[in-house]
Amino acid sequence: MAADLRALILSNVDSAIKHNELTVKIVLYLVNHHNERDVGNIADQLLNGLEKLVEEGELVEVEYALPDSNYRCRSIYFPKGTELRIRQNPQATLGMKIDDDKVQLIKGTVHILEEGLPLCGFTSHIPSDWPPGHIWVGLGEKDKATCPECKAAMAS
Ligand SMILES: [Zn+2]
């Protein structure tokens, strides 16, 4: 990535900015001030640049999927050092999933696991074979469970 594109990205992410907004700002800037004509090429370089900056820890990226467009994720970028907190109805529990070293926040029911199986018995499979939307905690963390059946089984 050219040094000036890198600096340009960083100077435009001085607070939260949506991916689309950032792209439009940078493309317009390069077209108007640097007489760039190859918009497709700028967009490609920008994508690579953003990915690299996130990898290097210079930017924080949050991906989200809106309920009406679940098929694809959108992104918001934040400056380095941004602390993220998520507030929503506690019933819509967020779990953490670590995939290829990437931490993903997922919505899901939190079950209590005992000897590899959920206490509520919603499935007879081990967690790696569970459907999406189900995560677990061990007995030691049972207070974090949100599955009512698991909690009832624990109490009985
Ligand atoms: Zn359960």
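The values are calculated or read from the model by the stated rules, or taken from the named source; none is laboratory data. None of these values were measured; they are calculated from a predicted model. Because the Cβ atoms are built from the backbone with ideal geometry, glycine has one as well, and the counts that use them run over all protein chains shown.
Total residues in region 1-43 satisfying the condition of being of a type outside the set (Ser, Thr, Tyr) and under 22 Å from Ala65 (Cα atoms): the figure is 10.
Going residue by residue through region 114-127, is there one that turns out to be on the phi > 0 side of the Ramachandran plot, within 13 Å of the ligand (Cβ to nearest atom), at pLDDT below 90 and not assigned by TED's automatic domain parsing to the domain that holds Ala65? No, there is no match, as no residue in region 114-127 is on the phi > 0 side of the Ramachandran plot, within 13 Å of the ligand (Cβ to nearest atom), at pLDDT below 90 and not assigned by TED's automatic domain parsing to the domain that holds Ala65. Checking each residue in region 139-156 for being surrounded by 11 or more Cβ atoms within 10 Å (Cβ to Cβ) and assigned to a loop (DSSP other than H, G, I, E, B) picks out Ala145, Thr146, Cys147. For region 11-69, a tally of residues being modelled with pLDDT of 85 or more, under 23 Å from the mean Cα position of the chain (by Cα) and among the hydrophobic types (A, V, I, L, M, F, W, C) returns 14.
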